[in-house]
Amino acid sequence: MKKIKIIFLVLMVLMNSIFAAGCWNYKEVDQFSIVAGVAVDIGKNSKYELTAELIQISGGKEAKTTSKTVTVEGKTIFDAARNMISISGKKLYWSHAKVIILSKEAANNGVKNAIEWYTRDSETRESVYVLISKGETAKEIFDGQGTTESIMSFILQDIIKNQMSLSKSSVTDILKYSIESQQKGASTIIPAVSLKLMNDKMVPEVIGTAIIKNDKLAGFLNGEETKDLSFIRNEVKGGVLVEEMQVNNLPAIITLEIFNSKTKVSFSAEAEDLVINIDIDTTVAIDEVEGTVDLSDEKEINRLKQITENTIKERIETLIIKIKSEYDADIFCFGIKLWQNNPQVWKSVKNNWEDVLSNAEVNVKTNVHIKNSAIVS
Amino acid sequence: MGDAMFNNILKRKPESNVKSNVANDENIGLDMSLDNNISFLSNIFQKDETVIFREFQNKHLEAAKCCIIYIDGMVNTEIINENIIQPVLRSDLSENIKSNNLLEELMKKVIVSNSVELEADISKIVSSVLYGDTLFLVEGYNKALVISTKGWKIRSISEPESAKVVRGPREGFTESIMVNLSLVRRKINTTDLKFEFKEIGERTHTKTCVCYIEGLALESILNELKQRLEKINIDGIIDSGYIQELIKDAPYSPFETVGSSERPDVIAAKLLEGRIALFVDGSPFVLTVPYVVVENFQANEDYYNNYIYSTMNRLIRGFTAVTSITIPAIFLSIVNYHQEMLPTPLLLSIAASRQNVPIPTSVSLFLMLFIFDVLREVGNRMPAPIGQAVNVVGAIVLGQAAVEANLVSAPVVIVTAITGIMTLINMNFISATIIFRTILLLGASFLGIYGFFICFIILYLHLMSIRSFDVPYMMNVTRAKNHDGQDAWIRAPWWVMTLRPKIIAANDLVRQSSGKSKEK
């Protein structure tokens, strides 16, 4: 009797664990359409107009992957996503989507609203890159022609991944956006994408960033400004600096490659008279020289170092003034840093952070190491 | 007097064998009259025309009427002619034989043979005749001489087909138990090596021999083995496989808990680790107990080659043993349930190969694996020249044509091929591989990776629960402490393996005296 009881118990546990658990969704790979990327626009009749780039696979020995786009309207993003079945015929598969592109209108409507479904659904991923289209609509980006691949979303993914050696744009995925936008008083940036005419082809270009303040689009920064911003945000991983210096009254243009850059932000003084110190420590190498410079002379190198330090400092100060006056947005993550370093101060200022920030004094210190002169072998 | 009695018995049980003819009545036996004895024995061997009765007399001593009985084909006729018939016929018995006991004098002075026994027990007499000995009867004696004249054709010692080696001894066991014992004896020259014979099989009377090293083998395991052999009650043993299955632990498990090998070096090495060997006459496969799971992965060459190379090979065997069971199930569950786990380019190429394929992935996997097993079995059964044709058909028709005709997708064929090759590396437990691979695949096709893991855990628990002669089957697989793991997943260098396997050789752990300090 006891044995039967034990067997019965084990059976019950097994049955439950088998039949009450998930994983009901047996599906063959050819029974769904793989979504490569999504574009969110504001529709004419409904609230949202969702455009999905679907991967089309022609089977057989020489398999080819191309893409087509499907545009559907819906009251919400998920509503539109499900409405797509009525056109595509197959269920859409979102796990392999790489990018989500928002139009300016959609961003004005609230970026969080547009990506909320992505953070909540089980099939979608939080590692999807967010982009904002500089053009009229977001879906027009998918009409561009790629130079390397045929699927636009994959091209955009490659651009974003590899632009860290350019530093003229930033990387923002859904997870990063959700974290940064939840910080009180913080504004975020999202890379901007546009189509550019090149050799009679419209090719995508990811350069510059969009400023998002209070979850809404506030404006755009160009590529150079984005690079300066990256210095402050400690996000520089590469890129080049072009410096001009006078040698014997002749101009010489020197291009420096950034190897590595570290930025420390510290705060001094209390509450109202906040002083922000930015220390930038950059290692560069001379990569290209236009003109004649005697690089074997240590004085010349030192002069170049001085010039570079000054230009970086100037540009960063200009950017901070511009942002302060035009947008009044804390896209530098100063608030987060203050909260991490001086939580007591943060508590006292967080309610009128924007005012405190606009009155704060910013000291920029730059230190450039010129590692080598890239001796040509 | 005898005839009537025997006729009675024969009437009662006309077809029963010799043993039952004579066993029950102790009065039955040889009597003084040669004629009676001959008719008595010819009654026992009636309708068996291979039994030869040869009657002859000594030319000097009329009273010495003799008869030899043997089975044609089982004996060496040269020995009979020159060492039995010739001396008895020609020597002057009237001069040589002084005492009254003619039979004993013949045994001591006339018959030239290394083994002669005086025997009165009729059942022993009959069984030794059946095993190739010659029976020597003399008028006036109720006893007989049993002279060893065994001489039948046996296969010469050659390298076993089932386990060829590049490095190592090239001899293999034959079908003759005495030859097999000598092969092991030649490797272990000690009086501690014990051989205990036992006949199994009501009709075949197959000789078996329990072989062990005294002082190394555990008494408890030896007694358990003897007890299990005692309980066998079967009419015949043709191959050691019969006994292997009859004395096995976990009889319903596809995993073998009794080992078998065709190589004397393997058996000798296992005896030296404290295991017990069981030789069965007529089978070149010698059984060993206890048998644990790591022995599936141990090849004799491991111990003769460089230890780094051996370790690499053993890791490959272990790895392929796991993957040959799991690969189809993992593939199926990821491709059909968890596509998000695949890198995008891989998903695209798998999706591309799936285009226009009508059969679902799970069905096509089952189908291809089944066809692979059919091909494997055909390869075993076919005569060698035709086997080539099977390979061509298998490779071309299944590998290429099926993909080109869009019946199955290319990844399925690749997974089947990988699984098949990996299965063939570990032929020791191919039955378990096929069965559990199918179970895992079933689990995966119903419940994805979740079902796969349920079945995998069941497999693991099953392996953990098995014992072979009270030794845990998974011994040393999950442990790497001290000396436990040195001969499991890896093959440690010989200078490190100072101790024998812990549980099996508990009597005497030290293999190399330098390991004494580490015994505990």
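Okay, residues lined up against (1) touching a strand residue (DSSP E or B) at 6+ places or on another chain (Cβ under 9 Å); (2) on the phi < 0 side of the Ramachandran plot; (3) not hydrophobic (A, V, I, L, M, F, W, C):
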| site | (1), (2), (3) |
| --- | --- |
| B:VAL110 | no, yes, no |
| B:GLU139 | yes, yes, yes |
| B:THR149 | yes, yes, yes |
| B:ARG167 | no, yes, yes |
| B:ARG185 | yes, yes, yes |
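Kindly evaluate B:VAL322 against the criterion of being touching a residue at least 24 places away in the same chain (Cβ under 8 Å), part of a helix (DSSP H, G or I) and either among the acidic types (Asp, Glu) or away from chain A (no Cβ under 14 Å) (or both).
no
Which numbered condition in (1) over 21 Å from A:ASP281 (Cα atoms); (2) in contact with a Lys or Arg (Cβ under 7 Å, 6 or more places away or on another chain) is the only one that A:CYS333 fails?
Evaluating A:CYS333 over (1) over 21 Å from A:ASP281 (Cα atoms); (2) in contact with a Lys or Arg (Cβ under 7 Å, 6 or more places away or on another chain) leaves (1) as the failure.
B:VAL408 passes all but one of (1) within 14 Å of chain A (Cβ to nearest Cβ); (2) assigned to a helix (DSSP H, G or I); which number fails?
Of (1) within 14 Å of chain A (Cβ to nearest Cβ); (2) assigned to a helix (DSSP H, G or I), only one is false for B:VAL408: (2).
Check whether at least one residue in segment A:184-192 is of a type in the set (D, E, K, R) and either crowded, with 17+ Cβ neighbours inside 10 Å or in contact with a helix residue (DSSP H, G or I) (Cβ under 7 Å, 6 or more places away or on another chain) (or both), and report yes or no.
Checked segment A:184-192: at least one residue is of a type in the set (D, E, K, R) and either crowded, with 17+ Cβ neighbours inside 10 Å or in contact with a helix residue (DSSP H, G or I) (Cβ under 7 Å, 6 or more places away or on another chain) (or both).
Looking at (1) in a helix (DSSP H, G or I); (2) over 26 Å from A:SER181 (Cβ atoms), which is the one condition that is false for A:ASN363?
All conditions are met except number (1).
Might you check whether a residue that is among the hydroxyl-bearing types (Ser, Thr, Tyr), touching a residue at least 12 places away in the same chain (Cβ under 8 Å) and either in the same structural domain as B:LEU278 (by TED's automatic domain parsing) or crowded, with 19+ Cβ neighbours inside 10 Å (or both) occurs anywhere in segment B:412-419?
yes
Quick one: which residue in B:PHE297, B:PHE279, B:PHE319, B:PHE285 is closer than 30 Å to B:PRO360 by Cα and hydrophobic (A, V, I, L, M, F, W, C)?
Just one listed residue meets the conditions, B:PHE319.
Residues of segment A:265-305 being touching a Lys or Arg at 6+ places or on another chain (Cβ under 9 Å), within 21 Å of A:LYS365 (Cβ to Cβ) and surrounded by fewer than 20 Cβ atoms within 10 Å (Cβ to Cβ), which ones?
Hits for segment A:265-305 are A:SER266, A:PHE267, A:ASN277, A:ASP279, A:ASP281, A:THR283.
Under the condition of being in contact with a Cys (Cβ under 6 Å, 6 or more places away or on another chain) and among the aliphatic types (A, V, I, L, M), which residue from segment B:440-479 is nearest to the other protein chains (Cβ to nearest Cβ)?
The extreme case among them is B:LEU447.
Considering only segment A:306-315, I want to know if a residue exists there that is exposed (fewer than 12 other Cβ atoms within 10 Å of the Cβ) and under 27 Å from the mean Cα position of the chain (by Cα).
No, segment A:306-315 contains no residue that is exposed (fewer than 12 other Cβ atoms within 10 Å of the Cβ) and under 27 Å from the mean Cα position of the chain (by Cα).
I'm checking my understanding of the structure. Among residues of segment A:70-101 that are within 14 Å of chain B (Cβ to nearest Cβ) and free of Cβ contacts under 8 Å to residues at least 60 places away in the same chain, which one is surrounded by the fewest Cβ atoms within 10 Å (Cβ to Cβ)?
A:LYS90
Restricting attention to segment B:467-487, which residues are surrounded by fewer than 17 Cβ atoms within 10 Å (Cβ to Cβ) and under 29 Å from B:ILE330 (Cβ atoms)?
Passing the criteria: B:THR478, B:ARG479, B:ALA480, B:GLY485.
When the residues of segment B:354-376 are filtered to those that are of a type in the set (A, V, I, L, M) and part of a loop (DSSP other than H, G, I, E, B), which remaining residue is nearest to the other protein chains (Cβ to nearest Cβ)?
B:VAL357
Which one of the conditions (1) surrounded by 22 or more Cβ atoms within 10 Å (Cβ to Cβ); (2) more than 17 Å from A:GLY43 (Cα to Cα) does A:ASP121 fail to meet, given that it meets all the rest?
Single failed check for A:ASP121: (1).
For residues that are in a helix (DSSP H, G or I) and either in contact with a strand residue (DSSP E or B) (Cβ under 9 Å, 6 or more places away or on another chain) or surrounded by fewer than 16 Cβ atoms within 10 Å (Cβ to Cβ) (or both), tally how many sit in segment A:325-349.
Selection size over segment A:325-349: 14.
Look through B:LYS150, B:LYS108 and report the one residue that is among the basic types (Lys, Arg) and without any contact (Cβ under 8 Å) to a residue 12 or more places away in the chain.
Step by step, each of B:LYS150, B:LYS108 is checked, and only B:LYS108 is among the basic types (Lys, Arg) and without any contact (Cβ under 8 Å) to a residue 12 or more places away in the chain.
Taking the condition more than 7 Å from chain A (Cβ to nearest Cβ) and in contact with a Pro (Cβ under 9 Å, 6 or more places away or on another chain), does B:ASN336 pass?
No: the conditions fail for B:ASN336.
For the list (1) surrounded by 23 or more Cβ atoms within 10 Å (Cβ to Cβ); (2) away from every other protein chain (no Cβ under 11 Å), I need the number of the one condition that A:ILE55 fails.
The failed condition is (2).
Working only within segment B:181-211, note down all residues that are part of a strand (DSSP E or B) and not basic (Lys, Arg).
B:LEU193, B:PHE195, B:GLU196, B:PHE197, B:GLU199, B:ILE200, B:THR206, B:THR208, B:CYS209, B:VAL210, B:CYS211
Looking at segment B:441-452, is at least one residue free of Cβ contacts under 8 Å to residues at least 40 places away in the same chain and either among the basic types (Lys, Arg) or in contact with a Ser or Thr (Cβ under 7 Å, 6 or more places away or on another chain) (or both)?
no
Tell me which residues, restricted to segment B:453-464, are free of Cβ contacts under 8 Å to residues at least 24 places away in the same chain and among the hydrophobic types (A, V, I, L, M, F, W, C).
Residues satisfying the conditions are B:PHE453, B:ILE454, B:ILE457, B:ILE458, B:LEU461, B:MET464.
In segment B:377-405, what residues are part of a helix (DSSP H, G or I) and under 27 Å from B:ARG354 (Cβ atoms)?
B:VAL393, B:GLY394, B:ALA395, B:ILE396, B:VAL397, B:LEU398, B:GLY399, B:GLN400, B:ALA401, B:ALA402, B:VAL403, B:GLU404
The values are calculated or read from the model by the stated rules, or taken from the named source; none is laboratory data. Remember, predicted model here, so these are calculated numbers, not experimental data. Reconstructed Cβ throughout: ideal geometry from the backbone, glycine too, with neighbour counts over all protein chains shown.
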